[in-house]
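Worksheet: one structure, shown below.
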Amino acid sequence: MAPGILQDPGFASAESQPAKKRKLTVPVHVQQDDEEVATAVPSHPLGIKPAGNAYTATENIKSRCGSFARLPDELLNHILESFDADALVRLGSTCRALYAFTRLDELWRALFVGSSPENFTWRGTWRATYLNTPPENGTSLQCNNLFSDVLYRPFQCAHTSLKPYTTNIPPSNAIARLPDLTPEEFSAKWTDKPFILTSPVKAWPVYGKWDSRYLLEKFPDTKFTAEAVDWPMSTYISYINFNTDESPLYLFDRAFAPKTGIDTSLPPHHPDAAYWTPECFGPDLFSVLGDQRPDCRWMILGPNRSGSTFHKDPNATSAWNAVLTGSKYWLMFPSGANCAPPPGIILSEDQSEITAPLSIAEYLLTFHELARETPGAKEGICYAGEVLHVPSGWFHLVLNLSESLALTQNFVPEARLADVLGFLRDQRVQVSGFKDDVSDHAYELFVEKLGEQHPDILEEGLMKLEKKGKQGRGKWEELTKGGDEEEGGGGFSFGFAGDDSDADIP
């Protein structure tokens with residue numbers, strides 16, 4: 001009996017991977033120690049097992065689903081995504097198999113986000129929260145002899161230990177760790193390399209003071225943006241402490257400074273300054289735009305296993321990410337004409353869209369071994385009191401190894417000005433973070449303002465940009481694109497959903 005679908009002479013199909021909001025890459029086989037996996041992952045609370053177990057089973061309770069039994073699990077899940085809460089509850093009461101399918105929490109997460117209720121209590125799962133079901137009133141029926149990767153895989157990803165993937169980093173992959181750099185050292189040698197600085201953040205007044213307990217005490221009712229929702233801090237802390245999501249909700253707020261009373265205009269070491277950009281990074285050339293500059297700073301808070309899947313930062317900017325509490329694992333890859341994307345990542349022909357596994361755990365379980373062996377890979381753990389530099393154009397995946405609070409900022413260093421100018425000029429549809437009335441002419445505005453304040457820097461940047469354009473394609477572009485296409489800079493980069501959205505995470 002094939003897993004996930006009941007045999008029917010007139011209906012041939014095969015089990016596929018769970019439905020996702022983004023396209024999935026083709027899975028690759030990764031050898032794992034079966035005994036290690038078996039001991040690491042607890043039993044599914046409903047008794048569901050992976051689809052392969054159906055081949056040796058004498059019974060599959062999906063056969064009791066009526067016409068639904070004929071559908072592959074992925075298609076059934078896709079259909080259920082169109083149901084409202086009442087339909088899911090009623091359908092789930094008809095048999096144990098549909099009880100299990102209709103309780104997949106991603107269905108209820110989508111319903112909750114779509115409804116955006118103002119007043120609610122987090123109940124530990126999206127279903128319980130949406131239905132306002134207290135834990136003591138929850139039910140959990142056993143669904144033994146149900147075999148489905150669609151239902152089991154999210155549970156596996158949420159409960160498999162990720163420690164094996166974030167430890168034993170090969171020395172050749174290790175991100176450089178330094179006490180500090182001078183602006184001259186950074187500009188001369190480090191603008192195109194990731195590194196971790198261990199000293200600057202420890203001088204910030206917020207370091208050692210800010211953590212989730214402090215934020216809860218000082219701003220319990222203040223709403224912060226966590227992906228597609230805006231929740232009071234008290235609600236989000238409840239979520240942090242009580243969830244089992246495969247991809248935990250990640251607080252990522254660009255308006256944290258006014259919300260917390262921070263003045264970001266104060267110079268470094270000012271008595272009233274809460275924090276400041278590490279001095280080695282030098283001036284941020286986007287500052288010439290004043291209040292017309294794109295979004296640039298965020299507060300990031302998330303539980304263990306939260307983070308962001310592979311992406312590049314917006315507008316070819318560089319970035320720094322300073323950890324105040326907890327620790328973060330980073331997996332990074334350079335990009336460019338001579339570089340393939342990271343293993344498991346597929347770019348569209350114009351490189352404006354990315355195809356990838358939806359969750360960090362799914363990527364690590366499937367592709368990490370290959371990624372670690374790929375030339376150019378860089379890995380490291382950034383601990384509390386440290387700051388990591390993300391060079392312009394680098395792909396990076398970030399995983400919180402524990403509850404973590406961080407501050408991050410995107411910037412344009414002088415040495416990477418040509419990259420930003422080229423992106424704003426040649427990738428206009430991917431330009432993001434600017435106000436609507438600026439986005440369409442961001443390149444022209446940046447050139448104008450930079451020319452007024454730093455004409456020598458602009459001239460040098462434009463000369464570098466012209467020189468890069470004359471160098472032609474790299475080997476990777478020649479292998480993947482036709483010879484008659486127009487040359488130009490590009491590559492997938494993180495983009496903002498709009499001026500009022502922090503739906504994606506750089």
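Nothing in this text is a laboratory measurement; each read-out follows from the coordinates by a stated rule. Predicted model, so just to flag it, every value in this text is computed and none were measured. Every residue, glycine among them, receives a Cβ derived from its backbone with ideal geometry; neighbour counts consider all protein chains shown.
With Cβ to Cβ distances under 14 Å as the rule, what net charge do the other residues near Thr133 carry (K, R +1; D, E -1)?
That works out to +1.
If eta is 0.890 mPa s and T is 25 °C, what Stokes-Einstein diffusion coefficient results for segment 79-173, Kirkwood Rh from Cα pairs, in µm²/s?
Value of D from the Cα-based Kirkwood radius: 158 µm²/s.
Pull up the DSSP beta bridges for segment 141-258 and report the antiparallel fraction as a percent, rounded to 5.
60 percent
Sequence gap at least 6, Cα distance under 8 Å: using those rules, report the relative contact order of segment 122-196 to the nearest whole percent.
19 percent
State the three equivalent ellipsoid semi-axes of segment 109-264, derived from the C-alpha gyration tensor as the square roots of 5 times its eigenvalues, in descending order and whole Å.
Computed over segment 109-264, the values are 37, 26, 13 Å.
Of all trypsin sites (Lys or Arg not before Pro) in segment 120-229, which ones are in loop regions per DSSP and have a Cβ with at most 11 other Cβ atoms within 10 Å?
Here the trypsin sites (Lys or Arg not before Pro) that fit, given the DSSP loop and packing criteria, are Lys209.
Can you check how the C-alpha radius of gyration of segment 328-430 compares to 2.2 N^0.38 Å, as a plain ratio? Don't jump to the answer; show the numbers that get you there.
On the way: Rg = 15.0 Å, N = 103, 2.2 N^0.38 = 12.8 Å.
Rg over 2.2 N^0.38 Å, computed on Cα atoms: 1.17.
Work out how far the C-alpha atoms of segment 206-261 reach from end to end along every principal axis, then list the three figures in whole Å, largest first.
Computed over the Cα atoms, the extents are 32, 21, 20 Å.
What is the sum of charges, Lys and Arg at +1 and Asp and Glu at -1, for the other residues whose Cβ falls under 10 Å from the Cβ of Leu151?
That sum, taken over residues with Cβ under 10 Å, equals +1.
Do the alpha carbons of any pairs in Lys193/Lys435; Lys163/Lys328; Lys209/Lys328 sit beyond 22 Å of each other, and which pairs? Mind dumping the intermediate values first?
Details: Lys193/Lys435 30 Å; Lys163/Lys328 12 Å; Lys209/Lys328 19 Å.
As for pairs spanning more than 22 Å Cα to Cα, those are Lys193/Lys435.
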